[in-house]
Amino acid sequence: MKILSKHLYIVSTPIGNLDDITFRALEVLKNSDIILCEDTRRSIKLLHHYKIKKKLISYHKFNEKRQLTKIIEYFNEGKILSLISDAGTPLLSDPGRLLVNQCLDTGIQITPIPGVSSITSAISVSGFKDQFLFYGFLPKTQNELDKVLNSLSQSDYAQVFFIPSKKINFYIKNFKKYFSGRKIVIAKEITKIHEAFIREDIDDLKPFENNLKGELTIVISEIVKKAESFDEEKIVNKSKKYLKKYSLKDTVNLISKTEKISKKIIYKLCLKIKNEKNY
């Protein structure tokens, strides 16, 4: 892989297990002149593990505006810079947007180096539909949280949030209010020794007595559609009667006109009856 000068690399790093990093990511970091870190104290553990010694610059939400001018100067000197977050893929609920836009405005090339993400990791084991919305960190105040969750509750997509573990019970109370009838997966310490996935119906979820540790990734399911309620014996008897006179297709259409039930369910019942061959 050719590492280009005057170039910004957005490098994904492990979210827990240090082995979860790509060869390409390591190559880019080893060849970078400067690595921008959300927290140098955390990033240095990863870099030391892989014997990477580079100039580190702290780059986080409290200083990103102030750092922009100096960072652009490094690019103008032909330096190779990489941006990493504390864990996972940068810019997903992490700083970096201002820098990326500044690079775009000044003609500096940007290359993503893909890797681990707690978002995709959690959704992949949730069992929910793969069409999902990612919100990130939810508001901390009740008024703002009500606005956000009220809006999101109208969506039929699965949804992914980040929340601090110490606030889990506060958010559970609100999830019950806005997402009643859905399912939830609480993913904690993904890829770490104490990794766990707590799966529950939101309505049945109880407050946690003991504090969970770390940052939690929450996945809420799409709207769970309730099974249709109908008199199966009545439908079966009617189907048997009609199937003696009509085709399967005509039987389904006839019954659907008088019964408030989906054609799909009627079809399955009729098909089962035909396969039994004793109606």
Placing +1 on each Lys and Arg Cβ and -1 on each Asp and Glu Cβ in the chain, then taking the dipole about the Cα centre, the residue among P112, G96, I44 whose Cα reaches farthest towards the positive end is P112
Hey, could you get me the Stokes-Einstein D for the stretch 94-169, Kirkwood radius over alpha-carbon pairs, 25 °C and 0.890 mPa s, rounded to whole µm² s⁻¹? 161 µm²/s
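Which of the pairs K147/K192; K188/K268; K183/K257; K6/K166; K188/K225; K147/K183 have their Cα atoms more than 30 Å apart in this structure? Please report the intermediate quantities before stating the final value.
Working: K147/K192 34 Å; K188/K268 41 Å; K183/K257 34 Å; K6/K166 42 Å; K188/K225 27 Å; K147/K183 21 Å.
Long pairs (Cα-Cα over 30 Å): K147/K192; K188/K268; K183/K257; K6/K166.
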Rounded to the nearest 5, what is the percent of antiparallel bridges among the DSSP beta bridges in the chain? 45 percent
Measure nothing but the geometry: give the 0 to 90° angle between the long axis through the Cα atoms of 142-152 and the longest principal axis through the Cα atoms of the chain, rounded to 10°. 60 degrees
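Would you work out the charge dipole size for the stretch 119-220 about its Cα centre, treating the Cβ of every Lys and Arg as +1 and the Cβ of every Asp and Glu as -1, and quote it to the nearest 20 debye?
Numbers: 15 positive and 12 negative charges, 47 e Å.
Result for the stretch 119-220 is approximately 220 debye, rounded to the nearest 20.
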Lys, Arg +1 and Asp, Glu -1 on Cβ, resulting dipole of the chain about Cα centre, debye, nearest 20: 940 debye
³J(HN,Hα), Karplus 6.51/-1.76/1.60, whole Hz, each residue of the stretch 53-61, x for Gly, Pro: 10, 9, 5, 10, 10, 6, 9, 9, 5
So which of K173/K264; K2/K79; K53/K167; K51/K79; K2/K51 end up more than 26 Å apart, counting from Cα to Cα? K173/K264; K53/K167
Tilt, helix 248-258 to longest principal axis of the chain (alpha-carbon atoms), in degrees rounded to tens, equals 90 degrees
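Counting Lys and Arg as +1 and Asp and Glu as -1, what is the net charge of the other residues whose Cβ lies under 12 Å from the Cβ of G78? Can you show the working numbers first?
Working: positive: K6, K79; negative: D33, E73, E77.
Once positives and negatives cancel, what remains is -1.
What number do you get for the chain when its Cα radius of gyration is normalised by 2.2 N^0.38 Å, N = residues? Mind showing how you got there, number by number?
Details: Rg = 26.7 Å, N = 279, 2.2 N^0.38 = 18.7 Å.
It is 1.43.
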List the extent of the Cα atoms of the stretch 119-220 along each of their three principal axes, largest first, rounded to whole Å. 36, 30, 24
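Bear in mind that the values in this text are calculations on the coordinates, not laboratory data. Quick caveat: nothing in here was measured; it's all calculated off a predicted structure. Cβ coordinates were reconstructed from backbone atoms using ideal geometry, including for glycine residues, and neighbour counts include every protein chain displayed.
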